[in-house]
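Right, one structure below, let's go through it.
The values are calculated or read from the model by the stated rules, or taken from the named source; none is laboratory data. Quick caveat: nothing in here was measured; it's all calculated off a predicted structure. Every residue, glycine among them, receives a Cβ derived from its backbone with ideal geometry; neighbour counts consider all protein chains shown. Note: accessible area is taken over every heavy atom of the protein model, side chains too, but ligands, DNA and RNA are not part of it. Shrake-Rupley method; radii C 1.70, N 1.55, O 1.52, S 1.80 Å.
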Amino acid sequence: MKYVRSSSKKYLPSKEAKRISLAPEDIYKKAEKSKIKFWANLAREGISWIKPFTKDYEQTSEKFSWFKDGKLNLCYNALDRNLDTPKNPAIIFIPENVKEKKQTLSYLQLYESVNEAAFLLRKKGIKKGDVVSIYMPPMIEALIFMLACARIGAIHSVVFSAFSAEALRTRIKDGKAKILISCNYYFRKGEKIFLTKKIKKACRKIKIKKIIIDRKKTGKIFVKKNTPIIPPEPMNAEDTAFILYTSGTTGKPKGVMHAIGGYAVQAYWSGKYIFNLKRNETMWCTADIGWITGHTYACYAPLLNKATTVLFEGMPTHPTPDRFLKIIKENKINVFYTAPTALRMFAMQDNFTSKYALKSLKILGTVGEPIDKETWNWLFKKIGKGRCPIIDTYWQTETGSAVIDALPGHGPFIPSYAGKPFPGIDYSIINKKGKKAKSKEEGLLVQIPPFSPSLIRGVWNNPQRYKKYFIKGKYDSGDNAFYDNEGNFRILGRSDDIIKVAGHRMSTAEIEDAITSLPEVIEAAIVGKSDKIKGMIVAAFVKTKKPITEKKIIERVIKKIGPLSKPSEIYFVKDLPKTRSGKIMRRILKGLLEGEEIKNLSTLLNPESVEKIKVLIKKELPKKK
Ligand code: PRX
C-alpha cells in the first residue's frame, strides 16, 4: 500500500490503498443521507444483539439515547462470538524486562480467564450495576477484569496506576466502588513500582473488598478448569458500560459515563474503518489502560474486531531506545498507535530506524495532542517508510472513540490536520460571535446532533456537570480548532483551563488545589508552557505567606495527584494578575512564559503585577534550564 504526495502539503491514498480499504468509497455520502440510519445499520451489522433494537436515536435537550430498547453484552461481543477460531491470539503481553518471556492468550484462554474472574467477582458479591475500581498498569489481568465486569454487568472504573493514593481514594469514594482490583507491583524503566502501600493508604477507613494480583504470576492466575460458566448478562443498550475519571475545569475529577450499546458500536466500527483492522491482525496501542485510549484501542476495539492486542508493561525506550521497534518487528504489528510525545522522544534518539524494515506495519496512528509537522514527517518516512498513512485521531474521554480523522483509503493526510469527522458524525466550529466559522477561522469545536453513539451519557454523581457540556444544543468539546476549505479540521488546543502534558490531560484547578493545600501558600496559578518534547510542561506561579521550598510543592502535587502533574517550573510571586472580579489571568501568565508581548492590561485589578512577573521570569528562567 503506497501513499502518494499530491501537493507539497497533502498525501493521498494510492489505488491499492483504496482497494483494500474496509471503509467503502462512498461512506461519507452514505452517512450524510441519514446519520441515524447509517449508525443503526452499522449497529445491526457489527454487533450481536441479545434483543434487537427497534428504536435508533432519541433526544430530549441534552439527554440522548441510541438503540434504547436493544439488549446486548459487551463481553459477549468481544469474546464469546470470536470462539469460532479459539486458538487465535487475543492478547500478547510483553513484560518490560527483556529476560521475561512474553505471554500470549488465545481467545479461548482469555474467554476462560474472564469467565473465572467473573465467577470470582460474583463470589465476592459483585452484582450488575456495582462499581469495580481497577488500579493497574497494562497487564493481562487488567483486561481480564474489565471484560469480567462487562460480562456480569458491573461498571468498571479504571484508575491510572501512576495516580497517587489520594487520587485513587477520591475516585473510589466518588464511584462508591464495592471492590478494588490491583496488583502488588510492576516494572517501569527497569524499576519495580510498588502499589501495595498506596492501596492501603487509599482504602483507609473505606469499606471495600480487594483482589491484589501478584505480578509474578500474571497470565497464570486464571487457569483453573471446571469453573461454572457465567453467562453474559443481557444489558440494556443505555446501561453504563464504564466510568472513567478525567480532569475538568474544577479541582474535582469527573466520572465520564459511557453507554454499552453506543460504545460497542462505535468502538467496533472506528477500529475497523480508522485502522482498517481485520481479523487476526495485530494492533499495538501504547496508551496505558488507565486512559480512554487504552480502554478503546488496547482493549475493546481490537477484541470486538477479533484482532490481537499487544500490551506492553513499561517504557518503550527501555532498555534501549529502539525497544519499540523490536516489539513491532518481533510481534509483526500491523497497526501502531501512539502519542506525539512518545514519537518526539523516539525521534530525538533516532539512529536506529534505518536498521528496521518494519514490513508488517500498515497504519500509524497518533492521538492525544497535536502532532507537529516535523514529527509527522519523521513518522511517515522513518517508521512507515512512506508505505503507511498517518492517522491523526482527534477525540476525548467524553467521545469514547476517535471522532475526527482521515480514513486510510480516503485521506487526505495532511501533517498537523486531524482530518474530517468520522462518517455519521458532525462537527462544526463556532466563532467568537457565536456563528458558524468560515474556513480557516478559529473557534470552538462543537459536535452537532444526532450525537455520536459513544458520546458521554452522564457525569457520575453529577448531573449538573453533564449539562454544562452542551451549549445551545451542541456538545462543547472545550477545544479550539479551524477547518480548511475542504472541511479538514486542525485542532489548536484547549479553550478552557485544561492542559495537556505529554498527551495527558490535567486540570489546572486540581494542581492549584494541591498546592494551596500547603499552609504556607496563599494562592497558586498553573499554566501550560510549550515544550519541544512533551508538547507542554506544568508551570506554577505561587504566592506564599511563609517561605517554602520548591521540593515541598512538588512533593505535595505528587502526593495529591501523582508524578505526571508535578510542576517543572515554579515561580514565587508577590501578586498574581487578576481581573476586577478576582479571576486569575492565566492567559497573561502563559503569555509571559512564552515571551509574548502582553497588551491591554486595562481590565486588570493589578496591572503592575505583570511587569514584576516578567522581570522575575527573565531572572529565574536561566536557572531552571
Ligand atoms: O485537547 C484535545 C486533545 O486531548 C483532549 C482529550 O484528552 P483525553 O480526554 O485525555 O483523551 C485523550 C485521548 C483521546 C482533547 O480535548 N487531543 C486529543 N486528540 C488530539 C488532541 N489534540 C490534537 N490532536 C489530536 N489528535
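Observations on the structure shown:
- Residue count for the range 541-571 under the criterion of being within 10 Å of VAL521 (Cβ to Cβ) and either open to solvent by less than 40 Å² (accessible area, probe 1.4 Å) or not assigned by TED's automatic domain parsing to the domain that holds VAL521 (or both): the result is 3.
- Selection within the range 380-412 - hydrophobic (A, V, I, L, M, F, W, C) and more than 13 Å from the ligand (Cβ to nearest atom): PHE380, ILE383, CYS388, LEU407
- Criterion (touching a residue at least 60 places away in the same chain (Cβ under 8 Å) and basic (Lys, Arg)) met by exactly one of LYS68, LYS123: LYS68
- Residue among LYS590, LYS583, LYS578, LYS619 that is in the same structural domain as GLY528 (by TED's automatic domain parsing), in contact (Cβ under 8 Å) with a residue 60 or more places away in the chain and of a type in the set (Lys, Arg): LYS590
- Taking the criterion of being within 15 Å of ILE94 (Cβ to Cβ) and within 18 Å of the chain's Cα centre (by Cα), the residues of the range 135-158 that qualify are PRO137, PRO138, MET139, ALA142, LEU143.
- Selection of the range 279-293 for residues being more than 16 Å from the ligand (Cβ to nearest atom), at pLDDT 95 or above and assigned to a loop (DSSP other than H, G, I, E, B) yields only GLU281.
- Residues of the range 343-374 that are open to solvent by less than 40 Å² (accessible area, probe 1.4 Å), under 26 Å from GLN396 (Cα atoms) and in contact (Cβ under 8 Å) with a residue 60 or more places away in the chain: ARG344, LYS362, ILE363, GLY365, VAL367, GLY368, GLU369.
- Extreme residue, nearest to the ligand (Cβ to nearest atom), among residues of the range 437-484 that are in a strand (DSSP E or B) and over 22 Å from ALA406 (Cα atoms): VAL459
- Some residue of the range 500-518 being of a type outside the set (A, V, I, L, M, F, W, C), without any contact (Cβ under 8 Å) to a residue 60 or more places away in the chain and within 14 Å of the ligand (Cβ to nearest atom): no
- Residues located in the range 485-497, provided they are open to solvent by 10 Å² or more (accessible area, probe 1.4 Å) and either within 16 Å of the ligand (Cβ to nearest atom) or in contact with an Asp or Glu (Cβ under 6 Å, 6 or more places away or on another chain) (or both): ARG490, ILE491, LEU492, GLY493, ARG494, SER495, ASP496, ASP497
- Which numbered condition ARG169 fails, given (1) crowded, with 22+ Cβ neighbours inside 10 Å; (2) in contact with a Cys (Cβ under 8 Å, 6 or more places away or on another chain): (1)
- Of everything listed in (1) surrounded by 12 or more Cβ atoms within 10 Å (Cβ to Cβ); (2) farther than 22 Å from SER530 by Cβ, the single unmet condition for LYS583 is (1).
- Any hit, the range 564-575, residues being in a helix (DSSP H, G or I), under 30 Å from ASP350 (Cβ atoms) and among the polar types (S, T, N, Q): yes
- Among the residues of the range 586-605, those that are open to solvent by less than 50 Å² (accessible area, probe 1.4 Å) and part of a helix (DSSP H, G or I) comprise ARG586, ILE588, LEU589, GLY591, LEU592, LEU593.
- Candidate set from the range 179-212 (those that are surrounded by 21 or more Cβ atoms within 10 Å (Cβ to Cβ) and under 19 Å from ALA148 (Cα atoms)); member that is farthest from the chain's Cα centre (by Cα): ILE179
- For the range 244-266, filtering for residues that are within 11 Å of THR397 (Cβ to Cβ) and either hydroxyl-bearing (Ser, Thr, Tyr) or open to solvent by less than 20 Å² (accessible area, probe 1.4 Å) (or both) leaves 10.
- Per-region count, the range 303-317, residues open to solvent by 10 Å² or more (accessible area, probe 1.4 Å) and farther than 20 Å from THR218 by Cα: 1
- LYS252 falls short on exactly one of the conditions (1) under 25 Å from the mean Cα position of the chain (by Cα); (2) modelled with pLDDT of 95 or more; (3) not acidic (Asp, Glu), and that condition is (2).
- Qualifying positions in the range 413-436 - crowded, with 17+ Cβ neighbours inside 10 Å, part of a loop (DSSP other than H, G, I, E, B) and within 14 Å of the ligand (Cβ to nearest atom): ILE414, PRO415, TYR417, ALA418, LYS420, PHE422
- Pairing each residue of the range 192-205 that is over 23 Å from GLU313 (Cα atoms) with any residue that is among the charged types (D, E, K, R) and in a strand (DSSP E or B), provided the two are 6+ apart or on different chains, yields no C-beta distance under 6 Å.
- Qualifying residue in the range 235-243 (condition: within 16 Å of the ligand (Cβ to nearest atom) and open to solvent by less than 10 Å² (accessible area, probe 1.4 Å)): yes
- When restricted to residues that are closer than 16 Å to VAL310 by Cα, in a helix (DSSP H, G or I) and open to solvent by less than 60 Å² (accessible area, probe 1.4 Å), the range 95-130 contains 2.
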